[in-house]
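Asks: Once you've had a glance at the structure underneath, I'll fire off some questions.
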Amino acid sequence: MRKTALLASAVLISLTPARAGAATEIPAACKKYVKLALEVGFKKGDLPELFRLAHRESRCIPTNIGLNKRADGSVWSKDVGLMQVNNYSWITYLRNQGIAQTSDDLLNPRTNLRAALALVKYSIKEGLPKWYQWRTSNPNGSAGAAAKP
């Protein structure tokens, strides 16, 4: 009987929504980049969402590269670094902004976070949700999941 009660309690606890503060916590793997994010210009209030997305995108490993492939297996673009900035979509814009000259520059955490901030500012300027560049079709995947207004 006691084992059944303990099991029922464990199930209830696992089904209980996360505590209110959990959404504002920064994943442990990302904490070493907090100071850097503030230095490049992110506001303190941006950090929980920034690092939730960074953890989702790269597990906060600055050397991660995601390959986007065609049906034939050939690579057509790369998502690079902490924030997995897409080189095909953004390298020309980032070059014009003086942030990154090549995709390899995005492997540097400082450069990658500067690029991410530039993309956030771009989204806001275009009337898009702040984190639009990291949207996903998964409704629980991103604050940027909203469709373009």
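The values are calculated or read from the model by the stated rules, or taken from the named source; none is laboratory data. Here the structure is a predicted model, which means the values were calculated and not measured. Here the Cβ is made from the backbone with ideal geometry for all residues, glycine too, and neighbour counts use every protein chain on show. When the accessible area is computed, the model is the full protein with side chains, heavy atoms only, and any ligands, DNA or RNA have been set aside. Shrake-Rupley method; radii C 1.70, N 1.55, O 1.52, S 1.80 Å.
Asks: Of the residues that make up the stretch 131-145, is at least one in a loop (DSSP other than H, G, I, E, B), within 14 Å of the chain's Cα centre (by Cα) and modelled with pLDDT of 95 or more?
Replies: yes
Asks: Suppose we filter the stretch 66-108 for residues that are within 20 Å of residue 27 (Cβ to Cβ) and part of a strand (DSSP E or B); how many remain?
Replies: Here the count works out to 4.
Asks: While we're on this one: Out of (1) closer than 15 Å to residue 36 by Cβ; (2) open to solvent by 80 Å² or more (accessible area, probe 1.4 Å); (3) of a type in the set (S, T, N, Q), what's the single condition that is false for residue 101?
Replies: The one condition residue 101 does not meet is (1).
Asks: I need the full set of residues from the stretch 41-65 which are in a loop (DSSP other than H, G, I, E, B) and either open to solvent by less than 20 Å² (accessible area, probe 1.4 Å) or farther than 12 Å from residue 27 by Cβ (or both), in order please.
Replies: 41, 42, 43, 60, 62, 63, 64
Asks: Related question: So, residue 91, is that one open to solvent by less than 80 Å² (accessible area, probe 1.4 Å) and not acidic (Asp, Glu) or not?
Replies: Yes, satisfied.
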